[in-house]
1. Is it fair to say Leu79 is crowded, with 24+ Cβ neighbours inside 10 Å and in contact with a helix residue (DSSP H, G or I) (Cβ under 6 Å, 6 or more places away or on another chain)?
2. Only residues in the range 117-134 that are over 17 Å from Pro84 (Cα atoms) count as the first member; pair them with residues that are at pLDDT below 95, Cβ under 6 angstrom, at least 6 apart or cross-chain, and list the lot.
3. Can you confirm whether the range 127-138 contains a residue that is assigned to a strand (DSSP E or B), within 22 Å of Leu5 (Cβ to Cβ) and of a type in the set (Ser, Thr, Tyr)?
4. Give me the residue from the range 162-195 that is hydroxyl-bearing (Ser, Thr, Tyr) and under 16 Å from the mean Cα position of the chain (by Cα) and, out of that set, farthest from Gly227 (Cα to Cα).
5. Checking Ile49 against (1) under 20 Å from Phe208 (Cβ atoms); (2) under 19 Å from the mean Cα position of the chain (by Cα), which single condition isn't satisfied?
6. Given the options Ala39, Ala30, name the one that is open to solvent by 10 Å² or more (accessible area, probe 1.4 Å) and at pLDDT 95 or above.
7. Which residues, counting only those in the range 106-137, are open to solvent by less than 60 Å² (accessible area, probe 1.4 Å) and of a type in the set (A, V, I, L, M)?
Amino acid sequence: MRTALLQSSGRPGSLVENLKVLDEAAGRAAAGGAALLGAPEMFLTGYAIGDDIGRLAEPADGDSADAVAEIATRHGLALAYGYPERDGDAVYNSAQLISADGTRLANYRKTHLFGDFERAHFTPGEQPVVQAELNGLTVGLMICYDVEFPEPVRAHALAGTDLLLVPTANMHPFQFVAESLVPVRAWENQMYVAYINRIGQEGEFDFFGLSTLAGPDGVARTRAGRGEELLLADLDPEFLANSRAANPYLTDRRPGLYGSLA
């Protein structure tokens with residue numbers, strides 16, 4: 001399955017403009033043969049927008065979700081994107097996956113909030129593993145800081161995730177996460193990991209880009225620089241199956257020894 005990664009910060013504060021950016025990227029991705037396009041964390045609104053997070057937050061089935069579904073249907077590819085989700089009085093840092101026919105397949109709420117900024121604006125999610133079936137693959141969702149914890153990624157591996165989508169807003173000086181940690185997560189859990197970052201300065205944050213799609217061999221299939229880019233990479237289910245057969249990490253586990261870790 002060809003997958004596209006949109007490395008962009010869009011237009012922080014403008015839902016209308018960010019939907020336009022997503023629409024244009026979806027057209028280019030579809031023209032390049034992609035079946036799936038992933039966008040960064042909080043892409044629909046911007047990340048460092050302060051109290052506008054609450055003002056712009058919408059339900060998972062709100063107007064913006066309908067607009068994304070229309071883009072997906074018109075271009076004939078699935079879309080995964082980050083946005084602020086409102087559920088009653090709570091606001092979550094969420095990511096949603098919508099199929100090529102406009103069906104809402106999965107919605108994930110970030111479980112590990114990073115720093116004072118996120119803790120001031122979001123409620124943490126409580127469901128670590130959220131998955132959907134897409135084009136014969138099991139696709140999981142996670143957001144940024146979540147992937148830096150080995151436990152939830154391993155939980156995805158044990159649940160059969162083939163491709164882990166990680167919309168991200170990671171900033172200087174944590175480049176090593178994109179450069180080193182993400183490929184290791186893909187290797188140790190025998191899955192593909194798509195890490196899709198924002199770019200440039202937003203408020204106090206300097207997002208570094210370096211989006212990547214890493215394979216189960218720990219090798220990046222594609223890697224961005226620090227500017228706006230649309231990346232394309234192919235996922236090979238046969239390669240994944242062969243890699244899992246050759247790599248014994250999951251079968252050699254001894255869960256009885258690990259109880260104290262929790």
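The values are calculated or read from the model by the stated rules, or taken from the named source; none is laboratory data. None of the values given here were measured: they were computed from a predicted structure. Positions of Cβ are backbone-derived with ideal geometry, glycine not excepted, and every protein chain shown enters the neighbour counts. We work out accessible area using only protein heavy atoms, side chains counted, and drop any ligands, DNA or RNA first. Shrake-Rupley method; radii C 1.70, N 1.55, O 1.52, S 1.80 Å.
1. Values: crowded, with 24+ Cβ neighbours inside 10 Å: yes; in contact with a helix residue (DSSP H, G or I) (Cβ under 6 Å, 6 or more places away or on another chain): yes.
So Leu79 fits the description; yes.
2. none
3. Our first condition is that a residue be assigned to a strand (DSSP E or B); within the range 127-138, this holds for 130-134, 137-138.
Among the residues that remain, those that are also within 22 Å of Leu5 (Cβ to Cβ) are: 130-134, 137-138.
Applying the additional criterion that residues be of a type in the set (Ser, Thr, Tyr) yields 138.
Within the range 127-138, one or more residues are assigned to a strand (DSSP E or B), within 22 Å of Leu5 (Cβ to Cβ) and of a type in the set (Ser, Thr, Tyr).
4. Initially, the range 162-195 is screened for residues hydroxyl-bearing (Ser, Thr, Tyr), giving 168, 180, 192, 195.
Within this subset, residues satisfying the condition of being under 16 Å from the mean Cα position of the chain (by Cα) are 168, 192, 195.
Details: Thr168: 15, Tyr192: 23, Tyr195: 15 Å.
Residue satisfying both the conditions and the ranking: Tyr192.
5. (2)
6. Values: Ala39 fails: open to solvent by 10 Å² or more (accessible area, probe 1.4 Å).
Of Ala39, Ala30, the one residue that is open to solvent by 10 Å² or more (accessible area, probe 1.4 Å) and at pLDDT 95 or above is Ala30.
7. Ala106, Leu113, Val129, Val130, Ala132, Leu134, Leu137
Quick grid of which residues meet (1) among the hydroxyl-bearing types (Ser, Thr, Tyr); (2) buried (at least 17 other Cβ atoms within 10 Å of the Cβ); (3) without any contact (Cβ under 8 Å) to a residue 60 or more places away in the chain; (4) in contact with a Ser or Thr (Cβ under 9 Å, 6 or more places away or on another chain):
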{"residue": "Thr168", "(1), (2), (3), (4)": "yes, yes, no, yes"}
{"residue": "Phe176", "(1), (2), (3), (4)": "no, no, yes, no"}
{"residue": "Asn189", "(1), (2), (3), (4)": "no, yes, no, yes"}
{"residue": "Ile196", "(1), (2), (3), (4)": "no, yes, no, yes"}
{"residue": "Gly200", "(1), (2), (3), (4)": "no, no, no, yes"}
{"residue": "Arg221", "(1), (2), (3), (4)": "no, yes, yes, yes"}
